[in-house]
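*Asks:* Mind looking over this structure? Questions follow.
Just so it is clear, none of the values below were taken in a lab; they were calculated from the coordinates. Quick caveat: nothing in here was measured; it's all calculated off a predicted structure. Glycine also receives a Cβ, built like all others from the backbone with ideal geometry; neighbour counts cover every protein chain displayed.
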Amino acid sequence: MHLVLTHFPIVGTILGIGILAYGQFAKNEAIKKVALVTFIVMAFLTIPVFLTGGEAEETVEHIAGVSEQSIEKHEELAEIAIWLMGLLGVLSIINLFVIIKRVTYAKHLSLITLIVSLGTFGLFAKVGGTGGEIRHSEIRSSNVTNDKGMFKSGEKEDHNDDDHEDDDHDDDDD
């Protein structure tokens, strides 16, 4: 269930950002409301995503090639991300109320909400990336793929061919 739900907060938040940015630019309160409702829905959807993470961990932690360190990193970022998404959800509820009541600072609150949503999306993109690293070794930042297989970053690939070993020493006639 975690793998099915996990994409909604990421995709929904970026859609909400686009809608809210357009609403800000067009000075259209109805469009801003759509974005705020999108953020509120994403905040609620994040709860089951977070709660199913433990079950997903139990499923993958014993699979060969799955790193406990990757799981831990993902889990730690997710704990921060759910609080930030909660903040975005609460801020969106307040912002929605302020727009409906036509309070003078609604425009400024919408801008603050847009900024918080950008930070939320950035963190959720990072959480999604670390989640992907758990099962997809090809995207782990500590490994690089080359035509000879995987090697750790920072390690040099051995390019020595027996035929070219002494190329530097052919100019001894100088």
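*Asks:* By its C-alpha gyration tensor, with a ≥ b ≥ c as the square roots of the eigenvalues, how is region 2-152 shaped: rounded for a/c under 1.5, else prolate for a/b larger than b/c, else oblate? Walk me through the numbers on the way to the answer.
*Replies:* Numbers: a/c = 3.38, a/b = 2.26, b/c = 1.50.
In terms of gyration-tensor shape, prolate.
*Asks:* How high is the relative contact order of region 2-152? Use alpha-carbon pairs under 8 Å, at least six apart in sequence, and give a whole percent. Could you put the intermediate results ahead of the total?
*Replies:* On the way: 160 pairs, mean separation 43.5, N = 151.
RCO, region 2-152: 29 percent.
*Asks:* What's the long-distance tail for region 5-83, i.e. % of Cα pairs beyond 20 Å? Don't jump to the answer; show the numbers that get you there.
*Replies:* Details: 1393 of 3081 pairs.
I get 45 percent for the Cα pairs in region 5-83 exceeding 20 Å.
*Asks:* Would you mind putting 97-105, 12-20 in packing order, based on average other-beta-carbon counts within 10 Å, highest first? Don't skip to the end; give the middle numbers.
*Replies:* Working: 97-105: 11.9, 12-20: 19.9.
So the peptides 97-105, 12-20, ranked by packing, come out 12-20, 97-105.
*Asks:* What spacing in nm lies between the two simple spin-label points modelled at Leu15 and Glu68, each 7 Å away from Cα in the Cβ direction?
*Replies:* 3.9 nm
*Asks:* Could the peptides 41-53, 25-37 be put in order, highest first, of the mean number of other beta-carbon atoms found within 10 Å of their residues? Spell out each step's value before the answer.
*Replies:* On the way: 41-53: 19.3, 25-37: 16.2.
So the order, starting with the most tightly packed, is 41-53, 25-37.
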